[in-house]
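Undergrad: Input: one structure, supplied below.
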Amino acid sequence: MARKKRENEFQPKLIKELKDRFEGCIVLKNDPNYISGIPDLTVLYGSHWAFLETKRDENAAHRPLQDYYVEHGNEMSFARFISPENKEEVLNDLQQSFQSGG
């Protein structure tokens, strides 16, 4: 049985992929001790931004307030939970959002 990746293994690879895919973007790691539940990453790209909450897999538990900040961030710009299982779908949606200005 294959070992599931831990979130701290997935996140650095995701950050590299974001920087490769969205050349010139800035990826910030957010401090959950400053705002409890704030998504792990903020991606700044041109005049656009996005929140990404990384999860080791699609069944990983959500901590209190994570759903709120992902929903609220998505109303403001773009926000998603991202895991290895949905990574390509989320990155494609993010690319569409950045291109459409949404």
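Undergrad: Within region 5-20, work out how many residues are within 21 Å of Ser97 (Cβ to Cβ) and exposed (fewer than 15 other Cβ atoms within 10 Å of the Cβ).
TA: 4
Undergrad: Limited to region 18-31, what total is found for residues that are in contact with a Lys or Arg (Cβ under 8 Å, 6 or more places away or on another chain) and not aliphatic (A, V, I, L, M)?
TA: Number of matching residues: 1.
Undergrad: Just a yes or no: is a residue in region 29-51 surrounded by fewer than 13 Cβ atoms within 10 Å (Cβ to Cβ) and not in a loop (DSSP other than H, G, I, E, B)?
TA: Yes: region 29-51 contains one or more residues that are surrounded by fewer than 13 Cβ atoms within 10 Å (Cβ to Cβ) and not in a loop (DSSP other than H, G, I, E, B).
Undergrad: May I ask you to list the residues in region 15-28 that are free of Cβ contacts under 8 Å to residues at least 24 places away in the same chain, out of contact with any Cys (no Cβ under 8 Å at 6 or more places or on another chain) and either assigned to a strand (DSSP E or B) or within 18 Å of Glu88 (Cβ to Cβ) (or both)?
TA: Correct list: Lys16, Asp20, Cys25, Ile26, Val27, Leu28.
Undergrad: Out of region 32-53, which residues are touching a Phe, Trp or Tyr at 6+ places or on another chain (Cβ under 6 Å) and closer than 13 Å to Lys87 by Cβ?
TA: Across region 32-53, the qualifying residue is only Glu53.
Undergrad: Which residue is farthest from Ser36 (Cα to Cα), if the candidates are limited to region 60-77 and must be outside any loop (DSSP other than H, G, I, E, B) and among the charged types (D, E, K, R)?
TA: Per the stated criteria, the residue is Glu75.
Undergrad: Free of Cβ contacts under 8 Å to residues at least 24 places away in the same chain and either at positive phi or more than 13 Å from the chain's Cα centre (by Cα) (or both) - does that describe any residue in region 49-61?
TA: Yes, the conditions are met somewhere in region 49-61.
Undergrad: Ok, one more. Could you list, ordered by first residue, the pairs with Cβ atoms under 7 Å in which the first is in region 83-95 and surrounded by 17 or more Cβ atoms within 10 Å (Cβ to Cβ) and the second is aromatic (Phe, Trp, Tyr), at least 6 apart or interchain?
TA: Pro84/Phe10; Leu94/Phe78
Undergrad: With the condition kept exactly as written, say whether any residue in region 73-81 is touching a residue at least 12 places away in the same chain (Cβ under 8 Å) and loosely packed, with under 11 Cβ neighbours inside 10 Å.
TA: For region 73-81, residues touching a residue at least 12 places away in the same chain (Cβ under 8 Å) and loosely packed, with under 11 Cβ neighbours inside 10 Å: absent.
Undergrad: If you go through region 78-102, how many residues are assigned to a helix (DSSP H, G or I) and among the basic types (Lys, Arg)?
TA: Going through region 78-102 one residue at a time, the tally reaches 1.
Laboratory data are not the source of any read-out in this text; all were calculated from the coordinates shown. Keep in mind that this is a model prediction, so the values were computed, not measured. As a convention, Cβ positions derive from the backbone with ideal geometry for all residues, glycine included, and neighbour counts pool all protein chains shown.
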